[in-house]
Amino acid sequence: MEVIIQPTPEDCAAIGGRMVRALLDRKANAVLGLATGSTPVPLYQELVRLRREEGLDFSGVTSFNLDEYVGLPGDHPCSYRFFMQQQLFNNINIRPERTHVPNGLAVDIKAECNAYESAIQAVGGIDLQVLGLGSDGHIAFNEPGSSLGSRTRIKTLTRKTREDNARFFDSFDEVPQHCITMGVGTIMECRKLLLFAFGEAKAEIIAKAVEGPITSMVPASALQLHQNVKILVDEAAGSRLQQLDYYKEVFTKKPDWQRAGANDDA
Ligand code: GLP
């Protein structure tokens, strides 16, 4: 696990963007795992910039999003499909048929979840998965108590998560009760994980996820068992890490080419 602390979210996004570029340079048909919420927005802005200003080519890329609300159609402004179209897909040259977001309107949700897992397997797995962090420690929508071996499935959202996400809806009551989400086990099979967290409100949960015990009560703590994880946080989100100074020292002692994000495996 490598913890990278940067002054601002935009600095974190710049490093994330370089990691995506390094991946696409060596594997044009890479499989990206994508996240929603406020946190990945600076990264998506950076990817759009890399496309427009530096010609980064997404034409061979396949993507899988982590989750979707049950009951919302893809053209609903609060659906994660809609979010991805607006924030990223409409602004880069990814092929629409290669973008995958769980279908929140699926009649047979179990079949939809199984098909999602199979589709990930069929393209050889996810090379790089972007993650945010819920204030209760969830990754994707794996709420506290989720099995650390879980696969894509339906989950009931906690009241806390629905309150957190109510800002995107007209009212709390409009926030769906259920979602389809990749499992913790699904995420753990991705070859590389980039978890972003920004702001003071994430400081305590980042410290628990990175330095606390591995527990299903903080699903993000499972990432401690993954071989290739980067935790990218701004100063505010990193402020409660016990080993803050050490993480900074590690980063400053890295060779320039690694610090630039070109290294895919450190
Ligand atoms: C939602 C998403 C998560 C995301 C989390 C954090 O619950 N399902 O994938 O990480 O929100 O959201 P934000 O980035 O807006 O703080």
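The values are calculated or read from the model by the stated rules, or taken from the named source; none is laboratory data. Model, not experiment: these values are computed from the prediction. Here Cβ is always computed from backbone atoms with ideal geometry, including for glycine, and neighbour counts include all displayed protein chains. The area values use the complete protein model at the heavy-atom level, side chains included, leaving out ligands, DNA and RNA. Shrake-Rupley method; radii C 1.70, N 1.55, O 1.52, S 1.80 Å.
Quick notes on this structure:
- For the stretch 61-212: rounded, prolate or oblate by the Cα gyration tensor [a/c cutoff 1.5]: rounded
- Long pairs among Lys208/Lys248; Lys160/Lys230; Lys208/Lys253; Lys160/Lys192; Lys27/Lys253; Lys155/Lys192, criterion Cα-Cα beyond 21 Å: Lys160/Lys230; Lys208/Lys253; Lys160/Lys192; Lys27/Lys253; Lys155/Lys192
- Derived scalar couplings between HN and Hα for the stretch 128-135 equal 9, 10, 8, 10, x, 9, x, 5 Hz in order, rounded to whole Hz, by the Karplus curve 6.51 cos²θ - 1.76 cosθ + 1.60 (θ = phi - 60°), x for Gly and Pro.
- Projection of the Cα convex hull of the chain, averaged over all directions and equal to a quarter of that hull's surface, yields 12.8 nm².
- Solvent-accessible area per residue for the stretch 1-75 (1.4 angstrom probe, square angstrom): 36
- Note on surface exposure: Lys202, Lys253, Lys192, Lys208 rank Lys253, Lys208, Lys202, Lys192 by accessible area, highest first, 1.4 Å probe.
- With R₀ fixed at 25 Å, the C-beta to C-beta distance from Val123 to Ser147 puts the FRET efficiency at about 0.50.
- Mean separation of Cα pairs under 8 Å and 6 or more residues apart, divided by the residue count, gives the chain a relative contact order of 25 percent.
- Theoretical FRET efficiency, 1/(1+(r/R0)^6), r = Cβ-Cβ of Ile154 and Gln224, R0 25 Å, to 0.05: 0.40
- For the stretch 95-152, the equivalent ellipsoid derived from the alpha-carbon gyration tensor has semi-axes of 21, 16, 12 Å in decreasing order.
- Protein-only accessible surface at a 1.4 angstrom probe places the residues Thr8, Thr252, Thr186 in the order Thr252, Thr8, Thr186, largest first.
- Average accessible surface for the stretch 109-266: 44 Å² per residue, computed with a 1.4 Å probe over protein heavy atoms with every protein chain in place.
- Difference of contour (0.36 nm per residue) and Cα-Cα distance, Glu10 to Asn29: 4.2 nm
- Prolate/oblate/rounded label for the stretch 64-131 (Cα gyration tensor, a/c 1.5): oblate
- Under the shape rule built on the C-alpha gyration tensor, where the axes satisfy a ≥ b ≥ c, the stretch 174-222 is oblate, since a/c reaches at least 1.5 while a/b does not exceed b/c.
- Solvent-accessible surface (1.4 Å probe) assigned to Glu97 amounts to roughly 110 Å².
- Across the stretch 147-266, Cα pairs under 8 Å and at least six residues apart give a relative contact order of 24 percent.
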